[in-house]
Amino acid sequence: MRSVGPVASKVVPSVLAGVKHGSHLCAFYETKDDLIDLVLPYFTGGAKRGDACVWMMPDSVSAEEAALHGRAAVAESGIELYAGRKIYLKDSHFEREPVVSFWNEKLQQALDAGRSGLSASGDAFWLQPSDWNAFLEYEADLTKTIAYKPITLLCTYPLSASKSGDIFDVACAHHFAIAKRKKRWEVIKGWGWGEERVEPLDAANRTLSLSRRERQVLDGLIEGRLSKTIANDLGISARTVEVHRARLLDRLNVRTTAEAVRLATLASLITSG
């Protein structure tokens, strides 16, 4: 794991609010409050883009509690709440077919209702050692299945029920993975380029740390504009543009403008803004 630092640590859940359809993410959390603080920005982002929101909750979160938080975060559409245990388990064992059917049914219902797609989250609090292999196969298949569908899935795992070896296997079955440890969100590294492997969620985290003006300067650099042109467009001096450029390179933890552009491009793989 690689810590994303104290600033990025605070905004990881906010990044999840902007993920694109076709994304399959997972998160390992420590407490119930961590879980709620994670899924609500995710559902809020989905609702803003017109998605229906479905949450298969762990036993630790009551329907009343989830509904209360959900009304505050997703005021217009709300979140459909289901007890995860009833969906995932049949006779105390995991069976993938009913779960896959459930997601497909919810997606079709969302589309029939004129929604843009589905933002869904399920919790793996119920997992037992005997279920791990079957569940990991299910997770890996989901990544392929939803790739070109208007659905986003966030799978959450309590760290108390996860073994360190399982965490690696689970992360590999998803596009991106994060974990909450010692009150800090950390990004589990995945895809990237060059000597430092950077995955899209980490890249999105870094770009989210930029100020509004720094983001405007970065957008100009992405479009290939010169500092003088960016300065004219923003109504500031070319020297000020260079100051912002230096600051954004520092915030993004890169050395060159080319690396900053690549980082922003990588972030765009999962964020809509």
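The values are calculated or read from the model by the stated rules, or taken from the named source; none is laboratory data. These numbers were taken from a predicted model, which means no experiment stands behind them. A quick note on method: Cβ atoms are made from the backbone with ideal geometry, for glycine too, and the neighbour counts reach across all protein chains shown.
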Check: ARG239 fails exactly one of the following numbered conditions: (1) more than 30 Å from GLY22 (Cβ to Cβ); (2) touching an Asp or Glu at 6+ places or on another chain (Cβ under 7 Å). What is the number of that condition?
Finding: (2)
Note to self: Quick check on ARG85: is it of a type in the set (Lys, Arg), assigned to a loop (DSSP other than H, G, I, E, B) and surrounded by 15 or more Cβ atoms within 10 Å (Cβ to Cβ)?
What the structure shows: no
Margin query: Just the residues that are in contact with a helix residue (DSSP H, G or I) (Cβ under 9 Å, 6 or more places away or on another chain) and among the basic types (Lys, Arg), please, taken from segment 126-151.
Written below: LYS149
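In segment 103-115, how many are in a helix (DSSP H, G or I) and touching a residue at least 40 places away in the same chain (Cβ under 8 Å)? So that I can check it myself, show each step before the final result.
First pass over segment 103-115, keeping only residues in a helix (DSSP H, G or I): 103-112.
Checking the rest, the ones that are also touching a residue at least 40 places away in the same chain (Cβ under 8 Å) come to 103, 106-107, 109-110.
Adding up the residues that qualify gives 5.
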Margin query: Any residue that is without any contact (Cβ under 8 Å) to a residue 24 or more places away in the chain, over 18 Å from the mean Cα position of the chain (by Cα) and surrounded by fewer than 16 Cβ atoms within 10 Å (Cβ to Cβ) - is there at least one of those in segment 116-132?
Written below: yes
Checklist line | Neighbours by Cβ (under 6 Å, 6+ apart or cross-chain): first from segment 250-268, closer than 13 Å to LEU210 by Cβ; second of a type in the set (Gly, Ala, Ser) | finding: ARG251/SER209; LEU252/ALA260; VAL254/ALA260; LEU263/ALA203; ALA267/ALA203; ALA267/ALA204
Notebook entry, point to check: Restricting segment 187-223 to residues that are part of a helix (DSSP H, G or I) and modelled with pLDDT under 85, which is surrounded by the fewest Cβ atoms within 10 Å (Cβ to Cβ)?
Noted result: ILE222
Notebook entry, point to check: From the list ILE178, ILE167, which residue is surrounded by 20 or more Cβ atoms within 10 Å (Cβ to Cβ) and either at pLDDT below 85 or over 20 Å from VAL39 (Cβ atoms) (or both)?
Noted result: ILE178
Margin query: Filter segment 88-102 down to the residues that are over 15 Å from TRP55 (Cα atoms) and assigned to a helix (DSSP H, G or I) and list them by number.
Written below: ARG96, GLU97, PRO98, SER101
Next item on the list: Look through segment 51-82, keep the residues that are assigned to a loop (DSSP other than H, G, I, E, B), at pLDDT below 65 and of a type in the set (A, V, I, L, M, F, W, C), and return whichever of them is farthest from ALA124 (Cα to Cα).
Entry: ALA75
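Can you tell me how many residues within segment 140-176 are in contact (Cβ under 8 Å) with a residue 60 or more places away in the chain and not in a loop (DSSP other than H, G, I, E, B)? First the steps, then the outcome.
Within segment 140-176, the subset in contact (Cβ under 8 Å) with a residue 60 or more places away in the chain is 142-143, 146-160, 162, 167, 170-171, 173-176.
From what's left, not in a loop (DSSP other than H, G, I, E, B): 142-143, 151-160, 167, 170-171, 176.
Within segment 140-176, residues that are in contact (Cβ under 8 Å) with a residue 60 or more places away in the chain and not in a loop (DSSP other than H, G, I, E, B) number 16.
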Item checked: segment 147-164, subset out of contact with any strand residue (DSSP E or B) (no Cβ under 6 Å at 6 or more places or on another chain) and of a type in the set (A, V, I, L, M), residue farthest from LEU35 (Cα to Cα) -> ALA147
